[in-house]
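The values are calculated or read from the model by the stated rules, or taken from the named source; none is laboratory data. The model shown is predicted, which means the values in this text are computed figures rather than measured ones. Cβ: placed from backbone, ideal geometry, glycine included. Neighbour counts: every protein chain shown.
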Amino acid sequence: MGQKAELTLLRLSDAALTVRLSGDWKLGRQLPQGEEFRREIESQDTVRRITFDTKAMTGWDTCLIIFLIHILEVGSGMQIPVEKDGLPAGVQRLLALASAVPERKGVRREAERTFFLDRIGDSAIAFWRSNLEMLGFIGEATVAFMKLSFGKARFRPSDLFLTIQECGAQALPIVSLISILVGLILAFIGAIQLKIFGAQIYVASLVGIGMVRALAAIMTGIIMAGRTGASFAAQLGTMQVNEEIDALKTLGISPMEFLVLPRMLALFLMMPLLSLYADLMGILGGLIIGVSMLDLNFMEYYNKTRESVHLNDLWVGLFSAAVFGVLVALAGCLRGMQCGRSAAAVGEATTSAVVTSIVSIVVAMAVITVVCNVLNI
């Protein structure tokens, strides 16, 4: 058994109080209390510093650290400096770690407060760097597609087929529901106005052109942005957190070819097909309103739809859907690859991917509409 832990207070000079620790300072033993030290300090007004003598100490553990922290608190409260030189090196390191004060958020905000123009400049620089990263990512994606066209891209076909299934067949239920509802709403709104003039039959034209040319592609793109684009960002972001992408780079495998290319290719192939399916569902929704509320029969609605919708409208819709597929895949993969190394960063990447995808879809649709108008398509 070790020696009994003892505490001795020595006045070796008029200004210094030496705390001599001896014996075994470990849990399970009867240890001196810090109140004795406090009473000694409070009873003497001439103490200007506190030192330690641990040469006779045979062992210690966390109970010694707790006792010393109490001494440090007493010294700090009475504004008496405590010299730790006489303590073992390990004890000094633990005390430094225990006394480390975390940075307070309020103080940090105060220190980082900047002027308005500084914040504008920082935002402009961040926006410029983000654009450069986006252009670099698009360039790498283009190179990957070029390698694919020459048969040199390295990825697993099974990953491509699995992604096609996830963003194709598994997306049919939600695409069906949203497309039918959009067709119903569009037909109902049109019927309210057209019924005034007795032109209910033109509801078929309104729904057919609207769905085939624009709405089916837009709604499908938004659905895939919230469903698949967010999934891509979360998957790649989680791989970034787990350092799986760094492992691929270490093995000499391009993450752009192995991870991004199959996702972009799958969404590029599936979006026109989903948009075509959404066209059918939207027209079916308009048919339900036309037959049930406008006293139109099936053949009248069908013939008017055939008369109004042309092949150019279909090609514009399918082209828009393909463009939206590329944009959603690019946004999801880009935000996933830019993800930080924490769980919060994965959530931020997912949110940013959805926002970026939807904004890109709206901007692309505006550009396509203007171009089609200029070309009289």
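One line per residue, one yes/no per condition, for (1) of a type outside the set (Phe, Trp, Tyr); (2) touching a Cys at 6+ places or on another chain (Cβ under 8 Å):
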residue	(1), (2)
THR250	yes, no
ALA266	yes, yes
TYR277	no, no
MET281	yes, no
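Pick from segment 239-257 the residues that are touching a helix residue (DSSP H, G or I) at 6+ places or on another chain (Cβ under 6 Å) and of a type outside the set (Asp, Glu): which of them is surrounded by the fewest Cβ atoms within 10 Å (Cβ to Cβ)?
LEU248
Which residues, counting only those in segment 239-283, are more than 17 Å from ALA331 (Cβ to Cβ) and β-branched (Val, Ile, Thr)?
Across segment 239-283, the qualifying residues are VAL241, ILE245, THR250, ILE253, ILE283.
Check off (1) more than 19 Å from GLN3 (Cα to Cα); (2) in contact with a strand residue (DSSP E or B) (Cβ under 6 Å, 6 or more places away or on another chain); (3) modelled with pLDDT under 80 for LEU64 and give me the number that stays unchecked.
Evaluating LEU64 over (1) more than 19 Å from GLN3 (Cα to Cα); (2) in contact with a strand residue (DSSP E or B) (Cβ under 6 Å, 6 or more places away or on another chain); (3) modelled with pLDDT under 80 leaves (1) as the failure.
For LEU311, state whether it is under 30 Å from GLN193 (Cβ atoms) and surrounded by fewer than 19 Cβ atoms within 10 Å (Cβ to Cβ).
Criteria met by LEU311.
Failed condition for GLY226, given (1) closer than 18 Å to MET271 by Cβ; (2) outside the structural domain of MET264 (by TED's automatic domain parsing), with all others met?
Every listed condition holds for GLY226 apart from (2).
Take the residues in segment 320-345 that are among the aliphatic types (A, V, I, L, M) and in contact with a Ser or Thr (Cβ under 6 Å, 6 or more places away or on another chain); name whichever of them is farthest from MET271 (Cα to Cα).
Within segment 320-345, the match that is farthest from MET271 (Cα to Cα) is ALA331.
Being touching a helix residue (DSSP H, G or I) at 6+ places or on another chain (Cβ under 9 Å), part of a loop (DSSP other than H, G, I, E, B) and not small (Gly, Ala, Ser) is the filter here; which residues of segment 127-166 pass it?
Passing the criteria: LYS152, ARG154, PHE155, ARG156.
This table checks each residue for (1) at pLDDT 80 or above; (2) loosely packed, with under 11 Cβ neighbours inside 10 Å.
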| residue | (1), (2) |
| --- | --- |
| VAL47 | no, no |
| GLU112 | no, yes |
| GLY121 | yes, no |
| PHE127 | yes, yes |
| LEU132 | yes, yes |
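If I ask for residues that are surrounded by 12 or more Cβ atoms within 10 Å (Cβ to Cβ) and among the basic types (Lys, Arg), which ones from segment 285-306 would you list?
Answer for segment 285-306, where residues must be surrounded by 12 or more Cβ atoms within 10 Å (Cβ to Cβ) and among the basic types (Lys, Arg): just LYS304.
Taking only pairs six or more apart or across chains, which ones have beta-carbon atoms under 7 Å, a first residue in segment 69-87 that is over 16 Å from THR46 (Cα atoms), and a second residue that is among the basic types (Lys, Arg)?
GLU83/ARG49
Taking the conditions exactly as written (crowded, with 21+ Cβ neighbours inside 10 Å, in the same structural domain as ALA366 (by TED's automatic domain parsing) and not aliphatic (A, V, I, L, M)), does THR163 satisfy them or not?
yes
Please specify each residue of segment 50-103 satisfying the condition of being in a strand (DSSP E or B), farther than 20 Å from ALA16 by Cβ and among the hydrophobic types (A, V, I, L, M, F, W, C).
TRP60
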